[in-house]
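The values are calculated or read from the model by the stated rules, or taken from the named source; none is laboratory data. Here the structure is a predicted model, which means the values were calculated and not measured. Note that we place each Cβ from the backbone using ideal geometry, even for glycine, and neighbour counts take in every protein chain shown. The area values use the complete protein model at the heavy-atom level, side chains included, leaving out ligands, DNA and RNA. Shrake-Rupley method; radii C 1.70, N 1.55, O 1.52, S 1.80 Å.
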Amino acid sequence: MRRVEIMAAQAILDDVLESLEHYEMGMRYTIIPTAHGKGNTIPKLGDSVWPEENFIMIIYCEDGELVRIQEALNLVKKKYDHEGIGYFVL
Amino acid sequence: MKLRVLRFFDDKAEKAFDALDRGYKRLLAVFVDYKWLTVLLVILIMVITVQAFSSMNQSLYPTMSEDSVTLSVTLPQGTTLVTTENLLMDLEGKVKNDLHGYKDIIVTAGGGGIFNTGSANSGSIQISLTGEEGGDTMTDVQNALRKYFSLYPAATFSFSQVSMGLGNANPVDVAVKSDNLDLAVATAHQIEALIKENLNGVTEPRTDFEEGLPEVQIEIDRDRAYAYNLTMQTIATEISNSVNGITATVLKENGTETDVVVMLKKADRSSELDLQKIFVRNALGEKISLANLATLKRSTGPVSITRENEMRTVHVIGGLAPSYSVSQAETDIKALVAENVHLGDEVFLEYGGDFADMTAMFSQIWIILVLAIVLVFGVMASLFESFRNPFIVLLSMPLMFVGVVGIYLITGETFSLISAIGLVILAGIVVNNGIVLIEYINLLRRRGLSIREACIEAGGNRLKPILMTSLTTPILMTSLTTIFGMIPLAFFGGQGAEQIQPIGQTIIGGMTISTLMTIFFTPTLYAIFNREKRKKDVESIESYVEEE
């Protein structure tokens, strides 16, 4: 069993969910809808200077499913090449 | 296929906008780098504008065209109705051939003006126009009539307005005031003659002074009258009965009543000599001729005297040709009077009409403008939570005058009270772009950019959405929509549109230039008035510890 954490802009949450569904992932996840942070792209701090915000999605899955998750996220990345999508596996 | 064509245009447009954006950023960088030179340049432009404004034609209200022209004609007092009618018919016959496209002409003799408050010596010609394309306009008809004025030197002509237009019926109005009426009248006539001779732009100059009616005064020698046993009343009654007649009785026949009037024959009561031949009978039955009792004297009757502030006043009045502005007329008349008329201590002049109204109304409009600016400043100060940034926007506000003056110079229109109302409207609109720009520069600075970078980047970023899509509130787009929206109002006039056209013209001129000024000058001003942020708290604590 692995823990997968996905962090990205709230704006692309729907695309991430759609993509995961497309790659037939069992839709079991937890979402922290509002998260603030700074990464490689523009800061998302939810204030008047940097108004955008992130979400954090946590998925527990089997090792075999990791590949599909990665493919799903690649698809989203292709569509939004300027958006940073954080993907960590523990 | 369609899509490909669209994509082609989209690509081209995108490239053009990119190039515009790059060019703008480069130019803006130059302005921000040489900020003091830029300020100097703008001050120079403002000075030229103020100079141009003071020499610009100004008037109270724009001339309004109407669908009818009314010419009032006044002949010297005592002119008979027949003479008046002949003159009017003659003038009508002459001018008829020169007119194109009129509905009808109404000639009124023995009356005149709007309310027909005239006597036998006045009348009017009213020409209704069709208002069709290619037909004569109000000005054309007036000019056609004016050509013939010199043929009738005894007559005084004036055009009166039928509809309720704004402004005075007589834009030119010089009040000649004095306790000495003769002197006032003489001065007024002198000024009238000077204007008539030298200023073609003042149409139909005349005075409002009415000469008295010619009359015959009968001066009775009282001593002689009493010697003949005659009273004044007897003499007066006899003259009245002889000339005016007396209703001796009323004949009643089948319900109709007919007056029986006893009077002298027409031949016996039509000249001065006839008057002298009237005989008055005294109590003794003797008949005494009037020549024996009285002398006849020709003179003029009493005139109407107008008093203003207890001073006898005669007005020299006149209209203005469309190309001749009130401000110009006032300067010219003042110069003419100063040069040619010696006023002395007894007479003084007051400039009324549109001159006086314009001074009074323009000063009110300026107060309104100042109030508008104060309110706008208040709103901006609360928005920016600072006094400095609204001040930057306010500083770029007077630059709207450049565009306003520019458009009036190009179109050749006169600056009127309506234009000033446009200015007040403009004061509220032109700040919008400045507010958006400064707000964005502030945001970029909070995101860590230096002042120079923030100014250039904000300008560039604002410009692009302006022309393309709306990411945020765009400057050029909002400006263009306002300007294009005003074009029909400003340039496609119709009958009566002249009165509101200046609002549109003012907004178009002001918006165009102030948009340019906002995108170039506001960032420069921002760079002047703002300093780089002070050290952050952590750094100040560090340096404080080091000093310890």
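Over chain B, one equal point on each Cα, no solvent: what is log10 I(q)/I(0) by the Debye formula at q = 0.06, 0.07, 0.10, 0.12 Å⁻¹?
At q = 0.06, 0.07, 0.10, 0.12 Å⁻¹ the computed log10 ratios are -0.54, -0.66, -0.99, -1.18.
Give the shape of chain A as rounded, prolate or oblate, defined through the alpha-carbon gyration tensor: a ≥ b ≥ c are the square roots of its eigenvalues, a/c under 1.5 means rounded, and otherwise the shape is prolate if a/b is larger than b/c and oblate if not.
Prolate is the answer for chain A, as a/c is 1.5 or above and a/b outweighs b/c.
Sequence gap at least 6, Cα distance under 8 Å: using those rules, report the relative contact order of chain B to the nearest whole percent.
Relative contact order, chain B: 19 percent.
Quote the accessible area belonging to B:GLU542 in square angstrom, nearest 10, computed with a 1.4 Å probe and with ligands, DNA and RNA left uncounted.
Estimated to the nearest 10 Å², B:GLU542 gives 110 Å².
So, with +1 on the Cβ of K and R and -1 on the Cβ of D and E, and no other charges, what is the size of the charge dipole of chain B about its Cα centre, to the nearest 20 debye?
1820 debye
In a shell of Cβ-Cβ distance under 14 Å around B:VAL30, excluding B:VAL30 itself, what net charge do Lys and Arg (+1) and Asp and Glu (-1) give?
That works out to +4.
What is the interface area between chains A and B, defined as buried accessible area summed over both chains with a 1.4 Å probe, reported in Å² to the nearest 100?
Its buried surface, counting both partners, is about 300 Å².
Using all C-alpha to C-alpha distances in the protein assembly as shown, build P(r) with 20 Å bins and read off the rounded percent in each one.
In order of increasing distance, the bins hold 13, 28, 24, 16, 11, 6, 2, 0 percent.
Rg to Rh ratio, the range B:214-300, alpha-carbon atoms and Kirkwood radius?
Here the Rg-to-Rh quotient is 1.07.
Among the residues of the range B:444-461, which ones have their accessible area go down by 50 Å² or more when all the protein chains sit together, as opposed to their chain alone (1.4 Å probe)?
B:ARG447
Once ligands and nucleic acids are excluded and a 1.4 Å probe is used, how much of B:GLU532 is accessible, expressed in Å² to the nearest 10?
About 100 Å², rounded to the nearest 10.
How much mean residue ellipticity at 222 nm does the protein assembly as shown get from its helices, if each DSSP H run of length 4 or more adds -39500 (n - 2.57) and you divide by all residues, to the nearest 500 deg cm²/dmol?
Here the helix-only value at 222 nm equals -16500 deg cm²/dmol.
Report in % the part of the accessible area of the protein assembly as shown that belongs to carbon and sulfur, leaving out ligands and nucleic acids; probe 1.4 Å.
The C+S portion of the solvent-accessible surface of the protein assembly as shown is 57 percent.
Kindly point out which whole DSSP H helices in chain B project their C-alpha atoms 27 angstrom or further along the helix axis while averaging a Kyte-Doolittle hydropathy of 1.0 or above.
B:35-54, B:353-384, B:417-446, B:501-529
Taking the dipole about the Cα centre of the range B:294-420, with the C-beta of Lys and Arg at +1 and of Asp and Glu at -1, give me whichever of B:VAL376, B:ILE317, B:MET397 is farthest to the positive side.
Of the candidates, B:ILE317 comes out farthest on the positive side.
Give the average, rounded to an integer, of partner chain Cβ atoms located within 10 angstrom of each Cβ in B:5-14.
Taking the mean over all residues of the peptide, I get 0.
Where does each of B:415-423, B:89-97 land if you order them by average Cβ count within 10 Å, highest first?
So the order, starting with the most tightly packed, is B:415-423, B:89-97.
Need the per-residue list for the range A:27-49: every residue with at least 40 Å² less accessible surface in the complex of protein chains than in the chain by itself, probe 1.4 Å, sorted by number.
Hits at the 40 Å² cut-off: A:VAL49.
So, with +1 on the Cβ of K and R and -1 on the Cβ of D and E, and no other charges, what is the size of the charge dipole of the range B:280-365 about its Cα centre, to the nearest 20 debye?
Charge dipole, the range B:280-365, about its Cα centre: 920 debye, nearest 20.
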